[in-house]
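Trainee: Handing you this structure, nothing more for now.
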Amino acid sequence: MTPTSRSKKSRAKTSGTAPSGARRPLVKNPRFGIPVVAGAVLALVGGVLLWSPAGRADATPERASGAKAAGFTVVAAGDIAEQCTASSSCAHPKTAALVKKINPAFVLTMGDNQYDDARLTDFKKYYDKTWGAFKAKTHPSPGNHETYDPDGSLAGYKSYFGSIAYPKGKSYYSFDQDNWHFIALDSNSFDRSAQIDWLKADLAANSKKCVAAYWHHPLYSSGEHGNDPVSRPVWKILTDAKAELVLNGHDHHYERFAPQNEDAEADPNGLVELLGGMGGANPYDIEEVQPNSEKRLTKTFGVVKLNFTDDGFSWDLVGTDNRTKDSSPSYQCH
């Protein structure tokens, strides 16, 4: 994974103190060196809270002037529809308005689409009134809240999305767009061999150059939920297959990581993780900054606007005030 130049400038603006019991990263196994990146100009982001780990930069990177124009645009977010409406100062109608304005080729959701128990009645009453406008071009994935439905785990989710979420009768699936292969996974069942076996077979059959995968529970997060090792075997499989990008939700904040492997080691051949849990649910605090985390924003709602080309990708975080809150580097596919 080759990013373009990034600017470097220290920032230390916080609203709280990290807990004394620091969470340790997952077991490390160094295999690769840290890639060298050149400096560029920092663009300040106002009106949001930023955190920087000691000795690291927290910067908005400049993209290479020769970067290729986007082949297609995708909008992504997780943790979306609380049980509220526009009349009650709800956030998900505002993030849905961003999706409408951007008008992407399709929409990806990283779980917890509907709160609190993801009943079909709640999907119809809340999610459907906002993000439901894009249902026909949405490729969803389920979160833990979709498993709380009293009618059965994922019952409301499956009933609402139907074959969109279960194109082959499973809660995980894949699809292609141009030179990209997208994989939607169900992190509620990563401990089941059927999904893992399917993933290996799907990657083996893939003929596209670039690969992106998305699911709910992040392997690495600086937020309240923190790291979730349930995703680690999947990271290993994706890294070995030379995948590019992982999108997650679960923690209600925005965070992007430098390329890394499943052992939290900076790795130019590793995955870029994008955590986009700011689709509408109540924001969470940053608790402990994880290795390779490059930027963290909370108390801001928005969507991620992803730009894909035949050989790379980049993205912008767009807030509900229609301003760009962060921009990623431009990455080349492996």
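Trainee: Short version: ³J(HN,Hα) in whole Hz for each residue of region 240-249, in order, from phi by Karplus 6.51 cos²θ - 1.76 cosθ + 1.60 (θ = phi - 60°), x for Gly and Pro, what are they?
Mentor: Couplings: 5, 8, 6, 6, 9, 9, 10, 10, 9, x Hz.
Trainee: Return the tail of the calculated pair distribution for region 93-156, meaning the percent of Cα-Cα pairs more than 19 Å apart.
Mentor: Working: 565 of 2016 pairs.
Summing the P(r) tail past 19 Å for region 93-156 gives 28 percent.
Trainee: Dipole magnitude of region 158-316 about its Cα centre, charges +1 at Lys/Arg Cβ and -1 at Asp/Glu Cβ only, in debye to the nearest 20? Could the numbers behind the result be given before it?
Mentor: Values: 15 positive and 24 negative charges, 117 e Å.
Once rounded to the nearest 20, the dipole reads 560 debye.
Trainee: A follow-up question, please. Under the Karplus relation 6.51 cos²θ - 1.76 cosθ + 1.60, θ = phi - 60°, what is the ordered set of whole-Hz ³J(HN,Hα) values for region 193-203, x standing for Gly and Pro?
Mentor: Result, ordered by residue: 5, 4, 5, 5, 5, 4, 4, 4, 5, 5, 5 Hz.
Trainee: Further question on the same structure: Expressed in nm², what is the orientationally averaged projection area of the convex hull enclosing the Cα positions of region 198-334? Don't skip to the answer; put the middle values down first.
Mentor: Values: hull surface 31.4 nm².
With the hull built on Cα positions only, its mean projection is 7.8 nm².
Trainee: Another question, if that's okay. Using the Karplus equation 6.51 cos²θ - 1.76 cosθ + 1.60 (θ = phi - 60°), what ³J(HN,Hα) coupling, rounded to whole Hz, does each residue of region 117-132 give in order, writing x for Gly and Pro?
Mentor: 10, 6, 5, 4, 4, 6, 3, 6, 7, 10, 3, 5, 6, 10, 5, x
Trainee: OK, next. Taking amide H positions as placed 1.01 Å from N in the peptide plane, with prolines and chain starts having none, which residues 5 or more places from residue 139, or on another chain, fall under 5 Å of its amide H?
Mentor: Under 5 Å from the amide H of residue 139 lie the amide H atoms of 107, 108, 109, each far enough along the sequence or on another chain.
Trainee: Right, next: Using only Cα atoms, locate the centre of region 129-164 and the centre of region 73-122, then give the distance between them in Å, rounded to an integer.
Mentor: 11 Å
Trainee: Counting other beta carbons within 10 Å of each residue's own, what order do 80, 102, 183 fall into, fewest first?
Mentor: Arranged by neighbour count, lowest to highest, 80, 102, 183 become 102, 183, 80.
Trainee: In terms of the Cα gyration tensor, with a ≥ b ≥ c the square roots of its eigenvalues, is region 242-323 rounded because a/c is under 1.5, prolate because a/b exceeds b/c, or oblate?
Mentor: On the way: a/c = 2.45, a/b = 1.29, b/c = 1.91.
It comes out oblate by the Cα gyration axes.
Each value in this text was obtained by applying a stated rule to the coordinates, not by laboratory testing. Bear in mind the structure is a predicted one, so any value in this text is a computation, not a measurement. We place every Cβ from the backbone using ideal geometry, glycine too, and count neighbours over all the protein chains shown.
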